[in-house]
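The values are calculated or read from the model by the stated rules, or taken from the named source; none is laboratory data. From a predicted model like this one, the values you see are computed outputs, not experimental measurements. Cβ coordinates were reconstructed from backbone atoms using ideal geometry, including for glycine residues, and neighbour counts include every protein chain displayed. Remember, those area values only see protein heavy atoms, side chains included, never the ligands or the DNA or RNA. Shrake-Rupley method; radii C 1.70, N 1.55, O 1.52, S 1.80 Å.
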Amino acid sequence: MMASSYNAKDEDGHHSGSVSHGGAGTAKSKKPDNTAFKQQRLPAWQPILTAGTVLPAFFVIGLIFIPIGIGLYVTSNNIKEFEIDYTGVNVDSPCYTCANNFSWNSTTSCSCTVNFTLEQPFENNVYMYYGLSNFYQNHRRYVKSRDDRQLNGDATALKDPSNDCEPYRKIGVETIAPCGAIANSLFNDSLELYYVEPSGALNAVPLAKKGIAWWTDRNVKFRNPAGVDLPTAFKGTAKPVNWRKPVYELDPSDPDNNGFINEDFIVWMRTAALPTFRKLYRIIHKNQSSTSTLPSGRYVLNITYNYPVLSFDGRKRMILSTISWMGGKNPFLGIAYITVGSICFFLGVVLLIIHHKYDTRSNSADIPN
Amino acid sequence: MPSLKFSWGFDPPHQSDTRTVYVANRFPQHGHYIPQRFADNRIISSKYTVWNFVPKNLFEQFRRIANFYFLIIFLVQLMIDTPTSPVTSGLPLFFVITVTAIKQGYEDWLRHKADNEVNGAPVFVVRSGCLVQTRSKNIRVGDIVRVAKDETFPADLALLSSDRVDGTCHITTASLDGETNLKTHFSVPETSVCQSVSQLEALQAVVECHQPEADLYRFVGRITVTQHGEEIVRPLGPENLLLRGARLKNTKEIFGVAVYTGMESKMALNYKCKSQKRSAVEKSMNTFLLIYLGILLSEAVLSTILKYAWQAEDKWDEPFYNQKTEQEKNSSSILKFISDFLAFLVLYNFIIPISLYVTVEMQKFLGSFFIGWDLDLYHEESDQKAQVNTSDLNEELGQVEYVFTDKTGTLTENEMRFQECSINGVKYREVNGKLVPEGLTEDSPDGSTAHLVTMPHVNHVNSFTASRFLIEVLFLQAVSLCHTVQISYDQADCLVGGDPFSHANGFSSSSMEYYASSPDEKALVEAAKRIGVAFTGRNGETMEIKTFGKCEKYKLLHVLEFDPNRRRMSVILQTPSGGKLLFTKGAESAILPFSSSGEIEKTRLHVDEFALKGMRTLVVACRHFSPEEYIDVDKRLTAARTALQQREERLQEAFSHIERDLQLLGATAVEDKLQDKVQETIEALRLAGIKVWVLTGDKHETAVSVSLSCGHFHRTMNILELLQQRSDNECAEQLRRLARRIKDDHVIQHGLVVDGASLSLALREHEKLFMEVCKNCSAVLCCRMAPLQKAKVVRLLKTSPEKPITLAVGDGANDVGMIQEAHVGIGIMGKEGRQAVRNSDYAIARFKFLAKLLLVHGHFYYIRIATLVQYFFYKNVCFITPQFLYQFFCLFSQQTLYDSVYLTLYNICFTSLPILVYSLFEQLVHPHVLQSKPGLYRDISRNSLLSFRTFLYWTLLGFCHAFVFFFGSYILMGEDTTLMGNGQMFGNWTFGTLVFTVMVVTVTLKLALETHFWTWMNHFVTWGSIAFYFIFSLFYGGIIWPFLHTQDMYFVFVQLLSSGSAWFAIIIMVITCLFPDVVKKVIYRHMLPTSTQKSQVTGTRFKALKTSGR
């Protein structure tokens, strides 16, 4: 085909000499270039989705997904999780009094104790979460009510935070640090865990409060304002309305965990996606000894009940969980993989039948015309 | 001049019908003259200037509904407290506007450049007694302009004088209408003597003429020359007007007075009209947009209502941890309601695909290059490639249901060859340059008559053959004199002599070429020359012919020009012996009724016979004037020609007075060869489900025989006729009869022949009945059609209840109406000038290219743009539905799911390129397969890929995918167990990012599933887009951005990717989305394969064969 068109071009050259066509001989030929691009002949892979081509993919997906799914499911099932609701809705629940006698003005904190039993020992690191329900951390007014510049230690933002913090921006003339609704509503229950020795003695479980926030948050995103010490740095600012103590007293014992870089605070500041959420509270590190981190047995949870949730029908929980490489207990992925894998496999079989019954090749003959 | 006087009271020049131009701007001294204002000679084809570009371009862009919509959204975002920053819709809008503005600005810059070149071109103007060089834009109306040989005229000039004594000049109007023949233009004798600047300086003249109009062939005016205190009035017509853009030929220089300048010149007026056709795809696109607008509004209303339902309880509306601001508490509830509604509108506004228009525009603009680049649409002989005048209609080429084609020059070559003639009732055939009477061969003993014609010097002729000889010669003389053919001498001659007519007698015949606007005329004059009566030149007002070697000079007294209504032309000549003689030539229906002598019946018979062979016929007649008659004729013509008012009508009247009582001489038959592969093309179109209608001005018999020979009509077809209907009732009766015949006989195919007169009857009263008949005929042939009727037929079909997509093909000026009327107008670059090409949407060199243009390019473009449109809606549903669903989990607080930057970049960065590349390169089926199986065209007919069902499918698919992304992520995170190996938690931004990541991957891969033609570019943009998304997100999340006041996304993406569960979740969600789609495709392919799908298999096999064959 190419050869013939070149011949034709030669012919054209001869013609233009004899036909007096407005000087066609001198003018450049308008002939388009014979390139693959311009002729839409670029080399191309032309896949067609037929049973023949799709079948192997289906079987492969099926064969890969089912084992993965089983693996994920087993992993998830091996994770131990314990959850206890300590809100105190019922009269007989230990925190009922605390929950119902709550007042923002009270100076004394209310404490309650919840007993529970772990049937199985928890191995390795155990993570302690608190969970809130019906708490809309994802409300638009709430999500934006923060000033990242202030939290990053910016001196001007400390004194003049963003308007997004309203109505938690200023008290009188003093700016609130940290400003905004998120900071203001910081979860301030304290949880203490005791193992009840068979002897009856209470043995406090060591709870590590560091390593619960993202490393980048703690080291980059959140920074204390500059100053000789924290109280000077925060001088001239007011504590958030709901707080009992100023931000520089969040953890007086550890200057590395105080002020804006307090990890409990940082964790709270990462707003949850859904109204029922968990936040990492403490980590119970594995013992050096061979005994399990949390042996089975009776435990006592000591709660300093500061955080009111009943006004919005909220619930508070404490969760203890071990963890695998894929996170906490979550059977969803495993089930999804097994389901999709089996459907793929099944459809592969169906398509195999279709492929044999309706062979495309035999059909292609009767195209109209 | 009543109208002129009337107008003197008013200043605006366009209020009056005429304009008065004082030559060289010498205004009369006496004071009752108020100068009229005229435009200057600047040509402005550009739309913008540097100053008004921004406002004007913005204004034009915001007149588009979609752009205006986004502007409103943007303004709303600026005004109210919105969930997303104004940047999220401002930036894409800015991007879209900028891209469009850059494209338009570039095009306008090109126009500016061209304008400057034209406006700055040097010209010579006579000013205050000497020749001054100035720029073209400085020419004013009334200036005397000098134009030298081979220059183009800088304005519309009334010719004053040339370097020739008779004041004539030759021009070509190739750039205006494509006619390459030389045309003679004249000046009036009073001014033609002013050949020097000084003489012109003394000239006192006033030109009065009509106000500018676009018709290139109409000019009505008169010139009043004051000589020795005496006013001489001369008429001015188109033959005195030199149009801007035309080129001076064969004449050293001319002087002319500018009458129309700049934007008022005929060329400029003609370029103004641009076709405003919109394709069916665009219409359905707009419908879809409206539907989406409906979805958007209902989602916003629903959300607002639900929000207020939730807020009824205080504990949800304002819990202790989330108090309202003072401002929120204080604003009125109605205002809050409205602002809530608007906020939801803003939140969901991305469901309207903002970049759809700009992508479609780019696709069309870039995609249309492929038509021009196609070697298969390139015609070697004429060195013409296909030309795209509007890229807006590319996809419409894939939707054509009716093709209306002209015959001459479109189906045929328009290369006329003289074949036969009938002289005084005897049929002759041309054999080797000799006329041989019918039934005789050259060598036959009775062939003496034939030799008579060719050898007139032989003296042994009897009186019978002598009279016959005389009439034969008269016939040949008529053929060689009654025409508007020009002679050109070859290049060398021209260069040496300058004026070819100075050695008109010394030329050698081989160096002579005839130029004619009508190929029939050229063929006839050439044939007469071969036979022995050669037209050798036109010298001023004399025409020279060589009758069998003997030179004869005829004085040309008048030319009664051809016009399509009269369908004939005439010349009045003074014979060498002094007699006044009229020759007329035209269609048989235009001449036979006015003939009074000659072999009328026999000639009519012969004409019909010629026509049956598919030849084009012309009838030739003459009339001898007595001196008295001639004086009357002359007076009438001169009076009509100088009339300023109703000149046309008066001319027609004069013509019909003159062209009667004719003596019939005979008829000519010219054959027009069919173009290459016309039959195959028509057959392919028919197989593609396209109905082909041939519309021609030819007579019925010719048309039918051509129709048969080009395969438009089959021998097996039952041919119905609707001819020569005289009355309404008769016509209706015939139509009913035909309808019945079709019903009785529905097995075989029917063809319908209609003539112009019957058609106009049928259209006037019985449109419905006529349409009924037409729709059941597989081929329709309309003959004897006037140009206006062609357009009317197209409009009739276009507006019929089914609203079919029509395409018109033509090559001549008479097809322009139909080309502009049809949805798609195609011009054939033929011999009848450029007018059809200029007014067309696409131009091709040959009819046969239509097959590839429709079946391959049309198919491609349609598939591409249809998928493009559907995909755009799909990806925006995917985009915004999770946002909507999220509102159910955040108290309808208008919290966004995705970060603002993602919202902004989704349409302009992450998902824009793959679809653009797809829409430029996709080939569902191999082009060879498409061309060899025209039936595949039916698969996409009636806008099937943009039908409501397909649209619904894509939209639902979008919703389903969005549900999978959202609820998949929701279930994964719903219990809010940790997904990371270190027990830390994710937040709302990670959740949104997870949904967004799944979405970008799925949406890109969905397009990958649709892609059947993977070039390296597809691979590059598909995988590149996904990679870009990941790289961009890593980068965006990796920095504390100094200018953003929230750092929500800081390290969110990295944290997400560091979770193994997230990876597994992304994979499973993508597969879950795409996998049912794959299954559906496979099952449909096997259970209900479309022919397109079947041919894909053969297409690949074809390719495999080809590669293995190499």
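Odds and ends about this structure:
- Separation of the stretch B:102-179 and the stretch A:239-268, taken as the distance between their Cα centroids, equals 85 angstrom.
- Look at the stretch A:66-78: the mean tally of other chain Cβ atoms within 10 Å of its residues' Cβ atoms is 1.
- Comparing A:Val91, A:Val143, A:Val126 in a Gaussian network model of chain A (Cα springs below 10 Å), the most mobile by mean-square fluctuation is A:Val91.
- Straight Cα distances below 24 angstrom link A:Lys210 to the lysines A:Lys80, A:Lys221, A:Lys239, A:Lys245, A:Lys279, A:Lys286, A:Lys316, A:Lys329, with same-chain residues fewer than 8 positions distant left out.
- For the set B:Arg741, B:Arg641, B:Arg715, solvent exposure ranked by accessible area (probe 1.4 Å, protein chains only) runs largest to smallest as B:Arg715, B:Arg741, B:Arg641.
- Remark: accessible area buried at the B-A interface is about 9900 Å², both chains counted, probe radius 1.4 Å.
- Estimated from helical segments only, the mean residue ellipticity of the protein assembly as shown at 222 nm is -13000 deg cm²/dmol, where each DSSP H run of four or more residues counts as -39500 (n - 2.57).
- Cα-based reach from B:Lys1006 at 23 Å (exclusive), listing lysines while leaving out same-chain residues under 8 positions away: B:Lys364, B:Lys875, B:Lys1080, B:Lys1081, B:Lys1094
- For the residue pairs B:Lys113/B:Lys183; B:Lys522/B:Lys546; A:Lys38/B:Lys113, the alpha carbons lie more than 20 Å apart in B:Lys113/B:Lys183; A:Lys38/B:Lys113.
- Cross-link reach is defined here as a Cα-Cα straight distance under 12 Å, omitting same-chain residues fewer than 8 places apart; for B:Lys555 the aspartates and glutamates meeting it are B:Glu541, B:Glu544.
- Protein heavy-atom accessible surface, 1.4 Å probe, per residue over the stretch A:80-322: 41 Å².
- Note on chain A: with a GNM built from Cα contacts shorter than 10 Å, the maximum mean-square fluctuation among A:His356, A:His139, A:His285 falls on A:His356.
- Solvent-accessible surface (1.4 angstrom probe) belonging to B:Trp373, in square angstrom, nearest 10: 60
- On Cα atoms only, tilt of B:86-119 relative to the major axis of chain B in degrees: 20
- Using the average count of surrounding beta-carbon atoms within 10 Å as a protection proxy, the listed peptides B:697-709, A:74-86 rank, highest first, as B:697-709, A:74-86.
- Surface composition of chain B: carbon plus sulfur atoms contribute 59% of the solvent-accessible area (1.4 Å probe, protein chains only, all chains present).
- For chain B, the longest principal axis of the Cα atoms and the long axis of helix B:1091-1109 meet at an angle of about 80 degrees.
- Mean Cα-pair separation over length for chain A, i.e. relative contact order, pairs under 8 Å, 6 or more apart, %: 32
- Selection of trypsin sites (Lys or Arg not before Pro), the stretch B:161-254, meeting DSSP coil and at most 14 other Cβ within 10 Å: B:Arg218, B:Lys252
- Rel. contact order, % - alpha carbon contacts under 8 angstrom, at least six apart, the stretch B:673-735: 31
- Anisotropy class of chain A from Cα gyration tensor, a/c 1.5 cut: oblate
- Counting only DSSP beta bridges with both residues in chain B, the antiparallel share comes to about 75 percent.
- Ordering of B:787-794, B:118-125 by packing is B:787-794, B:118-125, highest average first (other Cβ atoms within 10 Å, averaged per residue).
- Distance in nm between pseudo-label sites at B:Ser467 and B:Ile291 (7 Å out along the Cβ direction from Cα): 8.2
- Radius 12 Å from Cβ of B:Leu289, net charge of other residues (Lys, Arg +1; Asp, Glu -1): +1
- Between the helical axis of B:65-79 and the longest alpha-carbon principal axis of chain B there is an angle of about 40 degrees.
- The mean count of C-beta atoms from other chains within 10 Å of the C-beta of residues in A:45-56, rounded to a whole number, is 6.
- Legend: mean number of C-beta atoms from other chains within 10 angstrom of residue C-beta atoms, peptide A:122-135, equals 2.
- Chain A: most fluctuating residue of A:Ala57, A:Ala213, A:Ala44 per GNM, C-alpha cutoff 10 Å: A:Ala44
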